[in-house]
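See below for the structure under consideration.
The values are calculated or read from the model by the stated rules, or taken from the named source; none is laboratory data. It should be emphasised that the depicted structure is a prediction, and the values quoted were computed from it without experimental measurement. Glycine also receives a Cβ, built like all others from the backbone with ideal geometry; neighbour counts cover every protein chain displayed.
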Amino acid sequence: MDYLKSLNEPQLDGVLTTEGPTMIIAGAGSGKTRVLTYRIAYLIKEKGVDPFNILALTFTNKAAMEMRHRIEQEVGSDARNLWMGTFHSVFARILRAEAEKLGYPSNFTIYDTDDSKSLIKKIVKELGLDDKVYKANVVYNRISSAKNRLISWQEYTSNPIYKSDDENALKPEMGRLYKVYCDRCFKAGAMDFDDLLFNTNVLFRDHLDVLNKYQHKFKYVLVDEFQDTNISQYLITKKLSSVHRNIAVVGDDAQSIYAFRGADIQNILNFEKDYPELKVVKLEQNYRSTQNIVNAANSVISRNKAQLPKNVWTSNDQGEPIELMRATTDNEEGKIVASSIFENKMQKQLDYSEFAVLYRTNSQSRAIEEALRRMNIKYKIVGGLSFYQRKEIKDLICYLRFVMNHQDEEAFRRIINLPKRGIGQSTIDKIVIAAFDHDISIWEVMNNAGSFIGGRGAEAIGNFVALIRSLEIDSQRKDAFETATAVAKNSGLLKELYDDKTIEGLNRYENVQELLNAIKEFVDNPEVEDKSLGAFLQQIALITDVQNSNEEDPEAVTLMTIHSAKGLEFKYVYIVGMEEDLFPSQMMISTRADLEEERRLFYVAITRAQQKVYLTYALSRYRFGRPKSCEPSRFIEEIDPSYLKVNKLLSAREPQAPISSNFAKNLVSSMRRQGQQVPPKPLHQPSTDFVASDTSKLSTGMKVEHPKFGFGKVTGMDTDGANKKARILFDRHGEKVLLLSFAKLRIV
Ligand code: ATP
Ligand code: MG
């Protein structure tokens with residue numbers, strides 16, 4: 001019972017009132033998650049409830065793991081039997097057991113987003129629809145949002161409202177796509193992510209015996225982050241708990257940040273209507289943060305009209321005011337943050353894991369990551385990839401690499417059919433095999449595509465070669481930025497991303513723009529002498545190869561979007577990019593409700609901190625390759641000034657030099673000093689003096705030597721247009737057909 005002593009009175013009330021419906025709607029850091037955790041421990045330990053009868057739903061797998069771990073400390077290994085996890089993981093488990101009732105095999109496949117999108121692409125093609133109108137992302141999101149609102153394809157196709165919506169959006173075939181997509185998933189024995197919730201609802205609606213079984217099984221149902229549940233999730237929990245009615249939900253309306261994905265704050269209000277006997281527990285004491293942080297956060301959120309009244313206070317120390325730091329550019333912002341983290345760590349004897357850097361959009365991680373790498377500070381990106389690991393960034397970098405080096409096979413494989421230009425895997429294989437067989441480069445094969453491949457493949461490759469050639473010519477006259485912009489535009493990469501208007505598409509487009517911005521800053525840096533694309537790529541290779549980023553690393557600074565930071569806490573929190581249009585996001589605010597959601601996001605960000613919050617903004621940030629001056633975010637002014645301090649020292653500092661060519665040298669020597677492996681310099685191909693001898697005299701029966709295949713005998717000659725080919729039976733490699741104009745053969 002010791003653990004119960006560490007609770008205040010209302011918290012204890014929340015733990016001990018195990019029977020009947022309970023709702024805890026309370027401010028950030030007030031111990032909501034702790035109450036849920038202790039409640040479960042209490043049920044098992046003191047009330048003797050079997051963990052198999054407890055269902056606990058969390059927002060992330062990580063949160064579930066942490067909770068289970070904490071409960072295990074109290075109750076031992078029994079905690080493993082709890083039904084605990086995200087909505088998706090728990091209901092996937094139930095669907096597996098009951099799949100046959102819905103006509104699915106019990107080993108049904110779960111399609112991830114990529115699987116779903118590629119199926120949609122296929123269907124769009126098969127139905128002969130325009131894939132520019134019916135983009136996979138757009139169709140996927142439309143279907144996903146219907147499923148999350150529990151609108152089946154049957155309802156979707158028969159309800160004139162959806163039909164006219166789609167017609168207005170010039171996508172009249174959306175309903176048909178929804179139907180065919182569902183049919184195909186079903187036939188393939190597959191469910192997508194949204195089906196996991198949708199089908200659970202169908203299961204409980206159509207199979208009362210199944211519902212009944214789980215209603216009796218789950219004597220206690222608990223939900224964390226209740227403010228971010230959608231209607232589909234709400235109905236599932238409501239049905240499951242309607243027999244025992246022991247449901248406990250905890251949340252904070254001020255932290256509702258997923259309305260854009262269908263989360264509905266109404267669920268909190270409905271809850272009171274659905275359970276008239278509801279016990280409401282209020283927690284007002286914040287245990288996480290200093291007084292300054294709590295008060296600053298309160299002053300911000302009080303500007304929202306739509307909120308349940310709350311009085312959050314803390315008896316923690318007053319602490320330091322929130323510190324505002326101004327940077328000249330985004331790169332300087334990265335540096336300021338990195339050096340501040342370093343100084344705090346040293347002065348306060350902290351661990352890097354006690355720091356978090358939070359941003360509004362993913363593309364902002366680039367400048368922060370580079371600054372941290374430069375100072376050799378380890379970091380991890382939670383809920384996303386490191387900037388240079390992101391697909392769209394790798395795609396563009398591979399293009400740039402290929403323009404500079406036509407032998408780069410890895411880059412070739414990545415970009416040859418990107419965006420789609422009708423070059424299939426078999427053509428790619430042919431190119432690689434021909435290059436191998438003739439011991440020439442893939443570029444040479446592509447330049448002679450007619451001889452090696454022929455047909456439509458050859459034409460598509462011809463166009464690709466022409467594109468790369470023209471970009472290469474560009475690169476000889478232009479600087480890295482101009483070349484990279486030409487590559488992004490002329491390759492079609494940028495347009496493809498631009499056309500994709502979904503949130504993910506927008507994110508990817510911003511990332512590519514951010515890479516171009518980074519190249520522009522490199523070019524504009526007076527310390528950089530060689531401004532060519534080659535010089536930029538060389539520097540990037542060094543930056544991206546250093547293993548500073550490892551998600552498993554317990555001793556690293558955490559970088560993440562504010563959305564991913566929900567429920568977490570850190571001693572020191574840096575909120576970067578506090579600028580108008582970035583935060584609040586220009587894309588997301590068209591109504592007051594949107595602005596209020598952005599403000600709640602800011603509230604979530606501030607309340608992650610235990611000891612200190614830093615806000616940073618830049619006076620100028622590259623946008624679309626041009627420095628654009630920025631205005632500080634309105635949210636800064638919304639903080640009561642008594643809790644805010646402006647750091648004059650840092651803001652007045654001269655900007656330091658951005659990435660210099662010396663940086664690469666310093667990096668390599670510091671890596672060597674630390675015993676790290678330095679990426680090897682690219683090796684030159686060993687030159688071969690194996691020059692083809694005059695093969696015009698070659699005829700059947702002659703013995704030849706090939707640099708790779710060794711000795712062999714000509715078994716036949718063949719002429720295909722202008723191309724002379726020899727069939728040769730090699731002693732150790734079997735028979736090969738080689739084009740004589742390329743094969744390096746010596747007659748022996
Ligand atoms: P959020 O809204 O951010 O999800 P929360 O309300 O779930 O926050 P918790 O994460 O449960 O809050 O608690 C915040 C911090 O306060 C945690 O470190 C927790 O251990 C601590 N805490 C909560 N209650 C107490 C208490 N009674 N005594 C000491 N520490 C507490
Ligand atoms: Mg919590």
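Working carefully through the options Val249, Val223, Val243, find the one that is within 22 Å of Pro51 (Cβ to Cβ), more than 16 Å from ligand 1 (Cβ to nearest atom) and either among the aliphatic types (A, V, I, L, M) or in contact (Cβ under 8 Å) with a residue 40 or more places away in the chain (or both).
Exactly one residue qualifies, and that residue is Val243.
When only residues in region 45-89 that are touching an Asp or Glu at 6+ places or on another chain (Cβ under 6 Å) and not hydroxyl-bearing (Ser, Thr, Tyr) count, which is modelled with the highest pLDDT?
Ranking the qualifying residues of region 45-89, first place goes to Pro51.
Quick one: which residue in Asn81, Asn61 is surrounded by fewer than 21 Cβ atoms within 10 Å (Cβ to Cβ), within 16 Å of ligand 2 (Cβ to nearest atom), without any contact (Cβ under 8 Å) to a residue 40 or more places away in the chain and of a type outside the set (D, E, K, R)?
Asn61
Which residues, counting only those in region 716-734, are loosely packed, with under 13 Cβ neighbours inside 10 Å and either modelled with pLDDT of 85 or more or out of contact with any strand residue (DSSP E or B) (no Cβ under 6 Å at 6 or more places or on another chain) (or both)?
Thr719, Asp720, Gly721, Ala722, Asp731, Gly734
Specify which of the listed residues (Asp194, Asp206) is among the acidic types (Asp, Glu), out of contact with any Ser or Thr (no Cβ under 7 Å at 6 or more places or on another chain) and more than 16 Å from ligand 2 (Cβ to nearest atom).
Of Asp194, Asp206, the one residue that is among the acidic types (Asp, Glu), out of contact with any Ser or Thr (no Cβ under 7 Å at 6 or more places or on another chain) and more than 16 Å from ligand 2 (Cβ to nearest atom) is Asp206.
Look at region 237-250 and say how many of its residues are within 32 Å of the chain's Cα centre (by Cα) and surrounded by 24 or more Cβ atoms within 10 Å (Cβ to Cβ).
Number of matching residues: 3.
Please tell me if Lys238 is charged (D, E, K, R), part of a helix (DSSP H, G or I) and in contact with an Asp or Glu (Cβ under 9 Å, 6 or more places away or on another chain).
Yes, satisfied.
Could you grab me the full set of residues in region 252-273 that are outside any helix (DSSP H, G or I) and within 23 Å of Ser145 (Cα to Cα)?
Of everything in region 252-273, those that are outside any helix (DSSP H, G or I) and within 23 Å of Ser145 (Cα to Cα) turn out to be Ser256, Ile257, Tyr258, Gly262, Ala263, Asp264, Ile265.
From Arg401, Arg414, which residue is at pLDDT 85 or above and in contact with a Cys (Cβ under 8 Å, 6 or more places away or on another chain)?
It is Arg414.
Looking at Leu515, Leu494, which is the one that is surrounded by 21 or more Cβ atoms within 10 Å (Cβ to Cβ), among the hydrophobic types (A, V, I, L, M, F, W, C), modelled with pLDDT of 90 or more and more than 16 Å from ligand 1 (Cβ to nearest atom)?
Leu515
For region 326-373, how many residues meet the condition of being in contact with a Pro (Cβ under 9 Å, 6 or more places away or on another chain) and on the phi > 0 side of the Ramachandran plot?
Counting residues in region 326-373 that are in contact with a Pro (Cβ under 9 Å, 6 or more places away or on another chain) and on the phi > 0 side of the Ramachandran plot gives 0.
Of the conditions (1) touching a residue at least 40 places away in the same chain (Cβ under 8 Å); (2) under 13 Å from Phe271 (Cβ atoms), Asp228 clears all except one; give me its number.
All conditions are met except number (2).
Just one of Ile54, Ile24 is under 15 Å from Ala248 (Cα atoms), within 15 Å of ligand 2 (Cβ to nearest atom) and in contact (Cβ under 8 Å) with a residue 60 or more places away in the chain; which is it?
Within the list Ile54, Ile24, the selection yields Ile24.
Listed residues Glu343, Glu333; which is closer than 21 Å to Val646 by Cα, buried (at least 22 other Cβ atoms within 10 Å of the Cβ) and not β-branched (Val, Ile, Thr)?
Among Glu343, Glu333, only Glu333 is closer than 21 Å to Val646 by Cα, buried (at least 22 other Cβ atoms within 10 Å of the Cβ) and not β-branched (Val, Ile, Thr).
Looking only at region 603-621, filter to residues that are within 16 Å of ligand 2 (Cβ to nearest atom), among the β-branched types (Val, Ile, Thr) and not in a loop (DSSP other than H, G, I, E, B); which one of those is farthest from Leu350 (Cα to Cα)?
Across region 603-621, the extreme among qualifying residues is Val604.
Does region 37-51 hold any residues that are touching a residue at least 40 places away in the same chain (Cβ under 8 Å) and more than 14 Å from ligand 1 (Cβ to nearest atom), and which are they?
Leu43, Glu46, Val49
Which one of these is under 22 Å from Lys495 (Cβ atoms) and in contact (Cβ under 8 Å) with a residue 60 or more places away in the chain: Arg390, Arg360?
Going through Arg390, Arg360 in turn, the sole match is Arg390.
Looking at region 411-442, which of its residues are within 26 Å of Gln389 (Cα to Cα) and in a helix (DSSP H, G or I)?
Ala411, Phe412, Arg413, Arg414, Ile415, Gln425, Ile428, Asp429, Val432, Ile442, listed by residue number.
Before we move on, is Ala92 touching an Asp or Glu at 6+ places or on another chain (Cβ under 7 Å) and surrounded by fewer than 22 Cβ atoms within 10 Å (Cβ to Cβ)?
Taking the combined requirement at face value, the residue does not satisfy it.
Go through the residues of region 418-425 one by one and say whether even a single one is crowded, with 19+ Cβ neighbours inside 10 Å and modelled with pLDDT of 90 or more.
no
Quick check: is even one residue across region 21-36 among the charged types (D, E, K, R), surrounded by 23 or more Cβ atoms within 10 Å (Cβ to Cβ) and more than 9 Å from ligand 1 (Cβ to nearest atom)?
no
Within region 319-329, is even one residue within 25 Å of the chain's Cα centre (by Cα) and part of a loop (DSSP other than H, G, I, E, B)?
So far as region 319-329 goes, no, none of its residues is within 25 Å of the chain's Cα centre (by Cα) and part of a loop (DSSP other than H, G, I, E, B).
Residue check: is Glu343 in a strand (DSSP E or B) and among the acidic types (Asp, Glu)?
Taking the combined requirement at face value, the residue does not satisfy it.
Can you list residue pairs whose Cβ atoms sit under 9 Å apart, with the first residue in region 9-20 being away from ligand 1 (no atom under 11 Å from the Cβ) and in a loop (DSSP other than H, G, I, E, B) and the second being of a type in the set (Phe, Trp, Tyr) and modelled with pLDDT under 95? Count only pairs 6 or more apart in sequence or on different chains.
Cβ pairs passing all conditions: Gly20/Tyr275.
Among (1) more than 16 Å from ligand 1 (Cβ to nearest atom); (2) among the β-branched types (Val, Ile, Thr); (3) assigned to a strand (DSSP E or B), there is one condition Ile589 misses while meeting the rest; what is its number?
That leaves (3) as the condition not met.
Looking only at residues that are of a type in the set (S, T, N, Q) and under 23 Å from Ile44 (Cα atoms) in region 215-239, which one is farthest from ligand 2 (Cβ to nearest atom)?
Checked region 215-239; the qualifying residue farthest from ligand 2 (Cβ to nearest atom) is Gln215.
All but one of (1) under 28 Å from Leu203 (Cα atoms); (2) surrounded by 18 or more Cβ atoms within 10 Å (Cβ to Cβ) hold for Val124; state the number of the condition that does not hold.
Going through (1) under 28 Å from Leu203 (Cα atoms); (2) surrounded by 18 or more Cβ atoms within 10 Å (Cβ to Cβ) one by one, Val124 breaks only (1).
Regarding Arg592, is this residue of a type in the set (D, E, K, R) and farther than 28 Å from Tyr622 by Cβ?
Considered against the rule, which asks whether it is of a type in the set (D, E, K, R) and farther than 28 Å from Tyr622 by Cβ, Arg592 comes out as yes.
Does any residue of region 460-476 turn out to be touching a Ser or Thr at 6+ places or on another chain (Cβ under 7 Å) and charged (D, E, K, R)?
yes
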